[in-house]
Amino acid sequence: FEVRRVNPLVHPKEGPIGGGEKGTYSGAFKTLVVQQTSLDLPRETWSKKVDFLLSVIGYAVDLGNVWRFPYICYQNGGGAFLLPYVLMAVFGGVPLFYMELALGQFHRSGCISIWKHICPIFKGIGFAICIIALYVAFYYNTIMAWALYYLLSSFRATLPWTTCTNAWNTANCTHYLSTDMNISWTNSSISPAEEFYTRQVLQVHRSPGLHQLGAVSWQLGLCLLFIFTVVYFSIWKGVKTSGKVVWVTATFPYLVLIILLIRGATLPGAWRGVVYYLNPDWGKLLTTSVWIDAAAQIFFSLGPGFGVLLAFASYNPFHNNCYKDALVTSSVNCLTSFLSGFVIFTVLGYMAEMRKESVETVARDAGPSLLFIIYAEAIANMPAATFFAIIFFLMIIMLGLDSTFAGLEGVITAMLDEFPHLLVKRREWFVLGLVCVSDLHCLQGGAFVVKLFEEYATGPAVITVVFLEVIAVSWFYGTSRFCGDVQLMLGFSPGLFWRVCWVAICPCFLLGRGHMATQDHVQSQEHWEIRL
């Protein structure tokens, strides 16, 4: 619909009132002429405001909050790392988060078609965002399939990754704890948890690398099929369906985190992990790598640049207070990262106590291996191990589902907005095609594909995309014009702080991080270990 303002002194057809050159005001009042100009269906909206908030929180709080933040925090000065982390959040992450929510809500478009309103020459950014989002969804689905395999393996009295008597174990398998007085740990020793992960779940020993991925692992294939089915029936009807699913997937992880935190705090040696996690090393603040890691962590944690925030906000009412939403959801995300650090390191302190090793030795790995090897082994040696294993891996699946829902919804919204006449009436088939695209991850070398996506599908690519996005909005579309749009929606204009961030601080923030990320990837080409 098009709404046109009509001058009260001018009749739409007869000219100035009174017929004279000057015209007289004879009791006329301002009217609005509403003219139907489109037969398109009205845009779908969230059923409730809380559906939107839970969806955004579920997207922002993902697997990276559980494994990456604790590792990065202790590696970069412990409690001292919180200072650069908070500063990077305030001056970089939150302004970008707010900008995307405001853009999506005002223009009510996905990440492709939105550029016809902002600056059409940058439309390629939207297609790049879709490709990156698909890559991330692919390997998140696979990590959920691994977690599902662990979950199904947990329904037994003795967890299979606690013993060395299984068919997949080797002669180097060593189950070593402080209670095992006759067993010694050597450089060639491998824990049963690690062999279960690499040899039974991933089966990477059957594939030499990316050039030969091997046969299909039917166990992972079935797990991946189940994950695809859950994802499909959660998003096939749009945000009204996924908005109901996130009531479970976004809240259940917090319940599990609290349970695991209470359990971890009561374990012997838990204090060692907490001290190691938070012990401040102020000297590390003088190194640039700490600030770069803080920028990377807050950026990938909040998740601008994947088209999700644009898509979710586009289903909001026009006058929704997206400014308040940005502050609330980003704060919840950061606090969740901090909380997960206690959950992880209380258990790592327990493992260090049991093995009579330092926490640094136990917590040497980041990434999925921290969850599927170290944390899984710790759970297996707790009382009531079966219960804690079930809820932990169920939490991992829930965290992955939220991010996958969001990533695919970003792609779906973008494509439906760009090609409405072709795809709107075929949404279910289009969604089915998206979730069935990936099939390499259930091969015996599928972990190499996951590592490839994890290392090269994001990183410099998404940083470059967001850099171009903030330049396009701030310098081409214009900060003043953008702030005017926000004022039209919310009734107030963003202050000087937000304007300076969008114009100068965020581009510098992204440009510096993008250069460092490129250097990191060049240096990491020689380190293709499968200790994921």
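Among the residues of segment 295-326, which ones are over 20 Å from residue 490 (Cβ atoms) and either open to solvent by 10 Å² or more (accessible area, probe 1.4 Å) or in a loop (DSSP other than H, G, I, E, B) (or both)?
300, 303, 305, 306, 307
Only one of (1) outside any loop (DSSP other than H, G, I, E, B); (2) farther than 22 Å from residue 398 by Cβ; (3) under 22 Å from the mean Cα position of the chain (by Cα); (4) in contact (Cβ under 8 Å) with a residue 40 or more places away in the chain is not met by residue 106, so which one is it?
Here residue 106 clears every test but (3).
In segment 486-505, what count of residues is obtained for those that are within 22 Å of residue 107 (Cβ to Cβ), open to solvent by 20 Å² or more (accessible area, probe 1.4 Å) and in a helix (DSSP H, G or I)?
Counting residues in segment 486-505 that are within 22 Å of residue 107 (Cβ to Cβ), open to solvent by 20 Å² or more (accessible area, probe 1.4 Å) and in a helix (DSSP H, G or I) gives 6.
Okay, residues lined up against (1) open to solvent by less than 10 Å² (accessible area, probe 1.4 Å); (2) closer than 17 Å to residue 237 by Cα:
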| position | (1), (2) |
| --- | --- |
| 348 | yes, no |
| 352 | yes, no |
| 372 | yes, no |
| 375 | yes, no |
| 383 | no, no |
| 394 | no, no |
| 404 | yes, yes |
| 408 | yes, yes |
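Within segment 86-114, restricting attention to residues that are aromatic (Phe, Trp, Tyr) and open to solvent by 10 Å² or more (accessible area, probe 1.4 Å), which residue is modelled with the lowest pLDDT?
91
Got a sec? Which of 230, 245, 274 is among the β-branched types (Val, Ile, Thr), open to solvent by 20 Å² or more (accessible area, probe 1.4 Å) and modelled with pLDDT under 85?
Values: 230 fails: modelled with pLDDT under 85; 274 fails: modelled with pLDDT under 85.
The unique qualifying residue is 245.
Scan segment 346-377 for residues that are of a type in the set (A, V, I, L, M), over 26 Å from residue 141 (Cβ atoms), within 27 Å of the chain's Cα centre (by Cα) and assigned to a helix (DSSP H, G or I) and jot them down.
347, 348, 362
For residues that are among the acidic types (Asp, Glu) and modelled with pLDDT under 85, scanning just segment 277-325, find the one that is farthest from residue 79 (Cα to Cα).
By that ranking, first place goes to 293.
Taking the residues in segment 196-227 that are at pLDDT below 80 and open to solvent by 60 Å² or more (accessible area, probe 1.4 Å) as candidates, determine which candidate is nearest to residue 170 (Cα to Cα).
Residue satisfying both the conditions and the ranking: 205.
Considering only residues that are aliphatic (A, V, I, L, M) and open to solvent by 30 Å² or more (accessible area, probe 1.4 Å), look in segment 506-517 and name the one that is modelled with the lowest pLDDT.
Within segment 506-517, the match that is modelled with the lowest pLDDT is 516.
Which residues, taken from segment 53-68, are buried (at least 22 other Cβ atoms within 10 Å of the Cβ) and either assigned to a loop (DSSP other than H, G, I, E, B) or over 13 Å from the mean Cα position of the chain (by Cα) (or both)?
Across segment 53-68, the qualifying residues are 54, 61, 62.
Scan segment 342-357 and report the pairs whose first residue is free of Cβ contacts under 8 Å to residues at least 24 places away in the same chain and whose second residue is open to solvent by 10 Å² or more (accessible area, probe 1.4 Å) and of a type in the set (Phe, Trp, Tyr), with Cβ atoms within less than 9 Å and a gap of 6+ or a chain change.
357/185
The values are calculated or read from the model by the stated rules, or taken from the named source; none is laboratory data. No experiment lies behind these values; they were computed from the predicted model shown. Cβ: placed from backbone, ideal geometry, glycine included. Neighbour counts: every protein chain shown. Accessible surface is based on the protein model in full, side chains and every heavy atom, while ligands, DNA and RNA are left aside. Shrake-Rupley method; radii C 1.70, N 1.55, O 1.52, S 1.80 Å.
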